[in-house]
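Quick note: the coordinates plus some simple rules give every number you see, no bench work behind them. Since this is a predicted model, take the numbers as computed values, not measurements. Cβ atoms come from the backbone with ideal geometry, glycine included; neighbour counts cover every protein chain shown.
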Amino acid sequence: MDLGLKDRVALVAASSQGIGRATAEAFAAEGCRLAMCARNEKALHSAAEKIRKQHNCEVFAEAFDVTDASAVGRFVRDVAQKFGGVDVCVTNAGGPPAKGFLAATLEDWQRAVDANFLSTVYFAREVIPYMQRKRWGRIVTITSITTKQPVADLVLSNAVRAAVVGLVRSLANEFGKDGILVNNVGPGFTATDRLKELAKARAAASGKPEQEFFEAWAADAPLKRLGEPREVAETIVWLASDRASYVTGQTVLVDGGMYKGL
């Protein structure tokens with residue numbers, strides 16, 4: 001199936017590992033020209049080189065912190081100068097630490113807002129003008145099942161990621177006339193380092209083995225297993241494609257059916 005993404009310019013944030021890296025790989029497999037960023041320079045350039053060789057594609061990679069608005073601006077301008085614009089922007093950042101409300105400090109809250117909400121604002125402000133010029137664009141945010149169903153010990157994520165959903169809907173409403181689609185993808189319990197962190201936190205608090213939590217999460221999903229990063233990535237690529245040309249302002253959960261609401 002042709003997704004209409006060949007030669008499109010796809011920017012994927014926090015793409016040195018996990019879901020971000022799987023997403024970058026999926027866009028490369030569709031023939032996109034790829035821009036990658038992450039904080040860890042060594043891990044980022046290692047991932048970029050592997051993708052470049054495996055898919056024989058153009059990859060531009062730069063290490064910086066997505067909470068730095070000026071760095072985001074420079075990166076997007078560099079990408080646009082190299083590739084002629086930005087067609088797809090996938091915003092992503094490592095999730096806030098696993099904590100309860102009283103354990104979370106004010107500094108934790110500020111970092112969560114900066115990384116998981118304002119970084120999306122920074123990218124959107126930079127890429128939308130390029131998309132408007134082409135009258136075609138896709139912005140996909142990566143959040144969490146917590147946007148629909150709060151998760152214990154993740155109060156920072158539960159609160160801040162909900163703000164991203166409000167932003168997604170607002171951008172979709174404002175820029176749909178320009179041919180720009182804006183959607184959100186909410187992974188469920190997915191086999192990433194982030195999930196290992198949550199299991200470790202719960203194990204430390206309860207005295208139970210970490211494996212017990214992984215098994216419980218898998219059992220809670222109708223599919224009886226954890227998700228894989230590539231499964232989230234494939235949903236993101238579909239939302240960015242011409243096959244999803246009438247989908248905007250939505251939150252698509254990739255959670256194996258774990259969300260129990262209607």
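For the chain, what's the relative contact order in percent, using C-alpha pairs closer than 8 Å and at least 6 residues apart?
Relative contact order for the chain comes out at 20 percent.
Within region 1-104, what percent of beta bridges assigned by DSSP are antiparallel, to the nearest 5?
For region 1-104, the DSSP antiparallel bridge percentage is about 0.
Given a cut-off of under 8 Å on Cα pairs at least six residues apart, what relative contact order in percent is computed for region 32-100?
Relative CO of region 32-100 lands at 29 percent.
Please compute the modelled spin-label separation between Q132 and A203, points set 7 Å along Cα→Cβ, answer in nm with one decimal.
So the two model labels end up 5.0 nm from each other.
What number, in nm² with one decimal, is the all-direction average of the projected area of the convex hull of the alpha-carbon atoms of the chain?
Over every viewing direction, the Cα hull of the chain projects on average to 13.8 nm².
Past the 24 Å Cα-Cα mark, which pairs from K208/K260; K50/K82; K148/K224; K99/K196; K53/K200?
Flagged as over cut-off: K208/K260; K53/K200.
What does the net charge come to around K6 if you take all other residues with beta carbon closer than 15 Å to its beta carbon, with K and R at +1 and D and E at -1?
Around K6, the surrounding residues sum to -2.
For K6, go through the aspartates and glutamates and keep the ones whose alpha-carbon is under 18 Å away, minus same-chain ones fewer than eight residues off.
Within the straight-line cut-off, K6 pairs with E25, E30, E58, D87, E234, D242.
In what sequence do Y246, Y122 fall when counting other Cβ within 10 Å, fewest first?
Y246, Y122
Ranked by Cβ crowding within 10 angstrom, fewest neighbours first, how are M258, M1, M131 ordered?
M1, M258, M131
Modelled label-to-label distance, N40 and E58, 7 Å Cα→beta-carbon offset: nm?
Here the modelled spin labels are 2.9 nm apart.
Let me have the 222 nm mean residue ellipticity of the chain computed from DSSP H runs of 4+ only, each contributing -39500 (n - 2.57), with the sum over all residues rounded to the nearest 500.
One gets -15000 deg cm²/dmol as the mean residue ellipticity at 222 nm.
Take each of the peptides 10-21, 135-146, 207-218, average the number of other beta-carbon atoms within 10 Å over its residues, and list them starting from the highest.
Descending packing order for the listed peptides: 10-21, 135-146, 207-218.
Considering the convex hull of the alpha carbon atoms of region 54-132, report its projected area averaged over all viewing directions, in nm², one decimal.
6.7 nm²
Return K134, K99 ranked ascending by Cβ neighbour count within 10 Å, so the fewest neighbours appear first.
Final ranking by Cβ density, sparse to dense: K134, K99.
Counting Lys and Arg as +1 and Asp and Glu as -1, what is the net charge of the other residues whose Cβ lies under 11 Å from the Cβ of F64?
For residues surrounding F64, the net value is -3.
For Cα pairs less than 8 Å apart in space and 6+ apart in sequence, what is the mean separation divided by the residue count of region 123-262, i.e. the relative contact order in percent?
31 percent
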